[in-house]
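Before any comments, here is the structure.
Any read-out appearing in this document is the output of simple, stated calculations on the displayed coordinates, not a laboratory observation. Quick caveat, the model's predicted, so the values are computed rather than measured. Every residue, glycine as well, gets a Cβ built from its backbone with ideal geometry; the counts of neighbours run over all protein chains shown.
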Amino acid sequence: MSVVLVTGSAGLVGSETVRFFCEKKFDVIGIDNNMRREFFGDDSSTEWMRLLLEKSYANYTHCDADIRDNNGIKETFKKYGRDISLIVHTAAQPSHDWAATDPFKDFSVNAVGTQVMLENYRKYAPEAVFIFTSTNKVYGDLPNKLPLVELETRFEIDPDNRWQQGIDETMSIDRSMHSLFGASKVAADVLVQEYGRYFGLKTACFRGGCLTGPAHSGTKLHGFLSYLVRCVITGKKYEIYGYKGKQVRDNIHSSDLINAFYHFYQKPRSGEVYNIGGGRFSNISMLEAIELSMQITGKKLYFEYIDRNRAGDHIWWISGMDKFKKHYPEWKQAYDSELIIREIYEMQKSVLQDSVA
């Protein structure tokens, strides 16, 4: 028996991981206690996804557990032990803004929870591969010091800059403002690297840009494309924070991300770090995303501009992925930003129609 263990299994990346490996006939164990609902309210509950996964896949088993609970996590690891071939750790508190409301809980989930997962992995499933969904926020606001040029609908980097094709893993994660969320993810990121390097385990940190897709339970504080499309559909006012709405994000569909995970799983390395996102293939500014969402939905978005950026937020981020592509040249992206938004729209339209019916 080959078991894949997924934390945050009802979330965006976690649920995509469950589907991917269930369809490849792995036995998949999901750990998720729906803390997203606690963080962001009823609208962001992932309960619907848990029920869908349980209904769809006989080879999926759900565990309602907290990753901070060492005893509970230990029991899961002891039960499946060396049958576990892959651990995909996606569970997290994912918001800049929310972290500042409860720094202790943010750190306990992101850093302490990761420590719990790593130590049980080391003790009970050391031959497995451990993949951690880190974030580009580990670089803090250092990318904002790059030479940026303001264009009509977006900021862009100076075309002669070394990172014109995207920011790579050589950028420092030190001496910058991260937000408390970014700091807790840095702690987890470094722990994952250290368990790989110090203990010789097969670990990797994937530092994501904007991870997105139709399974995202987007909210005002996290999941901007999903939340934006919902606001366009429902007529709810959208708020843009700072940078004139010209901040740039690269967007990677969760399906493309899990495919990258699978490539690493097949040929793992120890203590590895990869920047992963839409890159130059899939990126968009806030203003451009609004315009494209209105074109796709045929509806008008009502938005308010707030001349205050979020602390530690990036003005321009495009992931440089040459390192991952060099290590795994067969990996290809399938979804650009337009296709991502179209898929989100079709999913949300369907869900809203079903709720009305």
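Suppose a student asked you for the relative contact order of the chain, using Cα pairs under 8 Å spaced at least 6 residues apart; what percent would you report?
Details: 753 pairs, mean separation 65.8, N = 357.
Here the relative contact order equals 18 percent.
Whole-Hz Karplus values for region 201-207 come out as 8, 8, 10, 8, 9, 9, 7 Hz, taken residue by residue from phi with 6.51 cos²θ - 1.76 cosθ + 1.60 and θ = phi - 60°; glycine and proline positions read x. Distances between placed amide hydrogens fall under 5 Å for Ile87 paired with Leu5, Val129, Phe130, Ile131, all partners being 5 or more residues away or on another chain. Full extension of the chain between Glu304 and Lys55 gives 85.6 nm of extra length, using 0.36 nm per residue less the Cα-Cα distance.
Can you give the calculated 222 nm mean residue ellipticity of the chain, where each DSSP H run of n ≥ 4 adds -39,500 (n - 2.57) and the sum is split over every residue, rounded to the nearest 500 deg cm²/dmol? List each step's numbers first, then the result.
On the way: 13 runs with 145 residues, N = 357.
The helix-only estimate for the chain comes to -12500 deg cm²/dmol at 222 nm.
Stretched out straight at 0.36 nm per residue, the stretch from Asp336 to Glu152 would grow longer than its current Cα-Cα span by 64.1 nm. With θ taken as phi - 60° and the Karplus curve 6.51 cos²θ - 1.76 cosθ + 1.60 applied, the whole-hertz 3J(HN,Hα) list for region 82-95 is 7, 6, 6, 9, 8, 10, 10, 9, 10, 4, 6, 8, x, 10 Hz, x standing for glycine and proline. Under 5 Å between amide hydrogens, built in the peptide plane, is the criterion, and for Gly277 it picks out Gly209 among residues at least 5 positions away or on other chains. Converting phi to 3J(HN,Hα) with the Karplus coefficients 6.51, -1.76 and 1.60 and the offset θ = phi - 60°, region 32-42 yields 6, 10, 6, 5, 4, 5, 5, 5, 10, x, 4 Hz in sequence order, with x at every glycine or proline. Between the listed residues Val232, Ile258, Gly271, the Cα displaced farthest toward the positive end of the dipole of region 229-281, a dipole computed from Cβ unit charges relative to the Cα centre, is found at Val232. The charge dipole of the chain, taken about the Cα centre with unit charges on the Cβ atoms of Lys, Arg (+1) and Asp, Glu (-1), comes to about 500 debye, rounded to the nearest 20.
Available extension along the chain between Lys267 and Asp42 is 77.0 nm, counting 0.36 nm per residue and deducting the alpha carbon span. Amide H contacts for Trp316 (H built 1.01 Å from N in the peptide plane; partners 5 or more residues away or on another chain; cut-off under 5 Å): Val248.
Once the Cα atoms are used to define both axes, helix 224-234 deviates from the longest principal axis of the chain by about 60 degrees. Just so you know, the Cα atoms of the chain work out to an Rg and Dmax of 19.4, 57 Å. Think of the chain as having a plus end and a minus end, set by charges on the Cβ of Lys, Arg, Asp and Glu; of Ser285, Gly242, His96, His96 sits farthest toward the positive end of this dipole.
Each of Leu151, Val129, Ile167 was placed along the dipole of region 3-356 (beta-carbon charges, centred on the mean Cα), and the one lying farthest toward the positive end is Val129. Under a model in which nothing but the beta-carbon of Lys, Arg (+1) and Asp, Glu (-1) is charged, region 187-285 shows a dipole of about 280 debye around its Cα centre.
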